[in-house]
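These notes concern the structure reproduced below.
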Amino acid sequence: MKNSRDITLIVVFAVLDLVLMVLIAQVPQLITGIFGITYVFTIFYAISSSIALLMYEGRRWRRFTQSLLFSLIALFLVAAWTPITAIAFPLSYFILDVIFNSVYGFFKEKNKLIWWAILSQVVYWIISPLWLLLFTSFSFSFQAVLTNWFIPIFSVMLPIMIIEAVAGGYIGYKIYRRVEKLA
């Protein structure tokens, strides 16, 4: 029964991430034309991701599999999604999956899952841009990517992303607790 529940959760959260990306990330960028404005909406992704991580209850490879499914769907359906992001996105969740699912039992035992959810989101939103920088520099010169994309956008957006990751992890934890009580 757990396997079918996990498969359902993986598919549902992958589709939810796709809907969030199309409606919340792509639309503002298309309307304003400002590259990087999508990072203002980090909180929605952080909420979704923290709920998913908590619902998987520390079981390995669920969140990574969800990110692979999402990347494949987005690669074929969303014009702005490139093979570079399709590689960087799952790699970030691979690292997150390995690190945070290894310590899930410790946080659950100490009744500190709220900190686990918050820390997982903060770590993800710090390492994800670094993977994008690395993989984007394979297509363009590292200097051009650093000066035209990474420094201007992330020097401004990284503090906002961290604050929203903290808030998203907290809200995601609270939503998870409500869903847990209903179940």
Taking the 0 to 90 degree range and rounding to the nearest ten, how far is the long axis of helix 83-102 tilted relative to the main principal axis of the chain, both from C-alpha atoms? 30 degrees
Under 14 Å from a label point 7 Å along Cα→Cβ of residue 112: give me every residue in the stretch 169-183 with its amide N that close. none
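Going by the alpha-carbon gyration tensor, a ≥ b ≥ c the square roots of its eigenvalues, is the stretch 81-183 rounded (a/c under 1.5) or, if a/c is not under 1.5, prolate (a/b greater than b/c) versus oblate?
On the way: a/c = 2.72, a/b = 2.10, b/c = 1.30.
Prolate, because a/c is 1.5 or more and a/b exceeds b/c.
Quick one: if you take sqrt(5λ) for each eigenvalue of the C-alpha gyration tensor of the chain, what semi-axes come out, biggest first, whole angstrom? Each step should come with its number before you reach the end.
Numbers: eigenvalues 152, 61, 50 Å².
Computed over the chain, the values are 28, 17, 16 Å.
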For the chain, longest principal axis from Cα atoms; helix 62-77 axis from its Cα atoms; angle between them, nearest 10 degrees, is 40 degrees
Using only Cα atoms and rounding to the nearest 10 degrees, what angle (0 to 90) does helix 113-139 make with the longest principal axis of the chain? 30 degrees
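We did not get these values from a lab; they are worked out from the coordinates using the rules stated. Just so it is clear, the model here is predicted, and its values are computed rather than measured. Please note: Cβ atoms are built from the backbone with ideal geometry, for glycine as well, and neighbour counts cover all protein chains shown.
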